[in-house]
Structures are given as C-alpha cells and as structure tokens.
Amino acid sequence: MEPTAPLRTLIRHESESPKERSTCGWRYRLISRDDDQVAAWAHVVDIDGARPHYHRRGVELYYVLEGEGGIILDGVEHPLRPGTMVHIPPGVVHGAVGRMRVLVVGIPDIDDDDLFFPDEAPPGGRCGCCPP
C-alpha cells in the first residue's frame, strides 16, 4: 500500500482565487479539487440568476452573505436574505433569483460530471432524481 500525502492547511483570500462563470453567476474558487486536494469545496458566488440544475451525488450548502432573492427548490421558491442557510441534498432541482453573494460549500468536492439540467434528457432518458 502506498502512503498517502499528508493533508495541508490552506489560507486563501478571495482576490487570490480563480474567478469564473458558473451555472449560478460568477464564482470565486476559494477551495477546489483542481488545486487543493480537498474532500469538499467552498466558493463565493455572485448569483445573478441561476439555471435550474441538480446533482446526483453532491450536497450543497448555501449561506447568504449579501443581497436578497430567492432559491427555487423542486419548483417552490423560498425567500433568502443575509444570514440564511440552505441545505440542498442530491436530486433536488435548484436555481436562484435575485442578486446575492453566497458562500457555497459542496460535499464531496465539485465534479463537472455531477451537474445535470432537468430540461436535458440524460443518457437512459431518466433524470436520476425522480423514482422510476
């Protein structure tokens, strides 16, 4: 058995983080697998409308830092304001409305092959979030 590399600490300011367009707006990758060898990820996202999507494996936690708006979970809109925390389990179709700055933590680490859109039929014709 090969020894595993020891975990290391990490400190990163938002201004030092890669900024990129995402499904929900502009995100700053504070901690991500691409660089950091971590079990979870944390991004600050400037939400400016989010296309409804879901994850089959990933859990997301949203914590609203600034702004107001709403999150749509399986078609039901819920109001958001600073200080609000949202837990989104796998399979829940979610999107957002309004302009907000949100800390998003995902477990396990983000994976592009775990991003699905309900308006696009996946291989096999089922979304994976609805029972057969």
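Values for this structure:
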{"item": "In nm, spacing of pseudo-spin labels at Ile107 and Asp119 (7 Å Cα→C-beta vector)", "result": "3.2"}
{"item": "Estimated distance in nm for a label pair at Arg8 and His53, the labels positioned 7 Å out from Cα along Cα-to-Cβ", "result": "2.9"}
{"item": "Per residue accessible area of the stretch 27-110, 1.4 Å probe, in Å²", "result": "48"}
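The values are calculated or read from the model by the stated rules, or taken from the named source; none is laboratory data. Small disclaimer: the values here were computed from a predicted structure and weren't measured. Cβ atoms come from the backbone with ideal geometry, glycine included; neighbour counts cover every protein chain shown. SASA here: full protein model, heavy atoms, side chains in, ligands and nucleic acids out. Shrake-Rupley method; radii C 1.70, N 1.55, O 1.52, S 1.80 Å.
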